[in-house]
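Below is one structure, written out as structure tokens, with a few remarks after it.
The values are calculated or read from the model by the stated rules, or taken from the named source; none is laboratory data. Keep in mind it's a predicted model, so treat the numbers as computed, not measured. Ideal geometry is used to build each Cβ from the backbone, glycine not excepted, and the neighbour counts take in all protein chains shown.
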Amino acid sequence: MAENPAFYGFKAAANANPVGQQLPVYFLVHGTSGNWKNLSWLGSALAESGALVVSANHPDYTTGQATPESVIRLWEQPRDVSFLISEILSSKFASHIDKDNITVVGFSLGGYTALALAGARLDMSGYEKYCSLNTDVSCNYFQDAFEELSQNDRLMISGDHRDKRVKRSVAIAPGFVPAILPGSLQELSADTLVIGAELDRNVPPALQLKSHLNSDSTGLRYSEIAGASHFSFMQICKPDAIAILAEEKAEFVCQDAVNVERKSIHQQLFEIIAHQSGDL
């Protein structure tokens, strides 16, 4: 599954029944213009380790639909995940789930969503101020969309989107951290882990993460993976992937640093997440 000419997939059995009871459940959340396949390698590894994994494409955020104006409606994706949690807990899988062991793992925009579900709150003026001083990839993408935000949009963005059913939150190279209200990081309702990529040009750790995350915040930890770039956390690329993606001007998705193997980055990320959970 999740395989195409550019990316490797994983093996799975359709309609298989979960094995065991009281399983930890992980909700994987994609980034801007992404889809459920992006973290499918992680979902497969988590499932092999005994977890139940849920992932979906998020309307207006996903491949072929995302625009700066749709993505900046930052309250929608957290709502999607809360809806998914409710659906799974009332589904045929409910008897297999440990309701007190729910983790959200998000990448990029999905990383912000993971933080929001733990209780992090935004003030978009903080991000606009950051972008007035910096011109990284994420700022360039959203620059024109700032002007389209209504007062009501800003109120919706700054709302409390926490879901107390989420016990652990993992934010991988999360977006919008410069807009997070510092006080909200003192009131997180989930054990929260932020993971940065050393060579990330979309979400530079020094500018967007480490300088904005208060290490004294209760339940919040930061870890950084050396040699990783922003897209190192996506699927492993096939040999012809760069040439294929170049046709869509998306070759950057498979351009990792010299002498860095994406498989190694994936293994490090999985081990960090497994260590946080303590039950894999």
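Checking each residue in segment 260-280 for being modelled with pLDDT of 95 or more and part of a helix (DSSP H, G or I) picks out ARG262, LYS263, SER264, ILE265, HIS266, GLN267, GLN268, LEU269, PHE270, GLU271, ILE272, ILE273. The residues of segment 82-125 that are over 19 Å from SER189 (Cα atoms), buried (at least 24 other Cβ atoms within 10 Å of the Cβ) and touching a helix residue (DSSP H, G or I) at 6+ places or on another chain (Cβ under 6 Å) amount to a single one, PHE107.
From the list ALA257, ALA228, which one is touching a residue at least 12 places away in the same chain (Cβ under 8 Å), out of contact with any helix residue (DSSP H, G or I) (no Cβ under 6 Å at 6 or more places or on another chain) and either farther than 22 Å from ALA118 by Cβ or part of a strand (DSSP E or B) (or both)?
Values: ALA228 fails: out of contact with any helix residue (DSSP H, G or I) (no Cβ under 6 Å at 6 or more places or on another chain).
Testing whether each residue is touching a residue at least 12 places away in the same chain (Cβ under 8 Å), out of contact with any helix residue (DSSP H, G or I) (no Cβ under 6 Å at 6 or more places or on another chain) and either farther than 22 Å from ALA118 by Cβ or part of a strand (DSSP E or B) (or both) leaves just ALA257.
Can you confirm whether ALA56 is surrounded by fewer than 21 Cβ atoms within 10 Å (Cβ to Cβ) and more than 15 Å from GLY110 (Cβ to Cβ)? For ALA56, the condition - surrounded by fewer than 21 Cβ atoms within 10 Å (Cβ to Cβ) and more than 15 Å from GLY110 (Cβ to Cβ) - is not met. Filtering segment 231-248 to residues that are within 21 Å of SER169 (Cα to Cα) and without any contact (Cβ under 8 Å) to a residue 60 or more places away in the chain leaves PHE231, SER232.
Does segment 72-81 contain any residue that is closer than 30 Å to ALA243 by Cα and under 15 Å from the mean Cα position of the chain (by Cα)? Give the derivation first.
Taking segment 72-81 and keeping what is closer than 30 Å to ALA243 by Cα, we get none.
Looking through segment 72-81, none of the residues is closer than 30 Å to ALA243 by Cα and under 15 Å from the mean Cα position of the chain (by Cα).
So if I check each of LEU84, LEU23, which one is under 19 Å from SER277 (Cα atoms), at pLDDT 95 or above and not charged (D, E, K, R)? Matching residue, one of LEU84, LEU23: LEU23.
For segment 13-37, a residue qualifies if it is under 25 Å from the mean Cα position of the chain (by Cα), β-branched (Val, Ile, Thr) and more than 16 Å from GLY175 (Cα to Cα), and exactly one does: VAL25.
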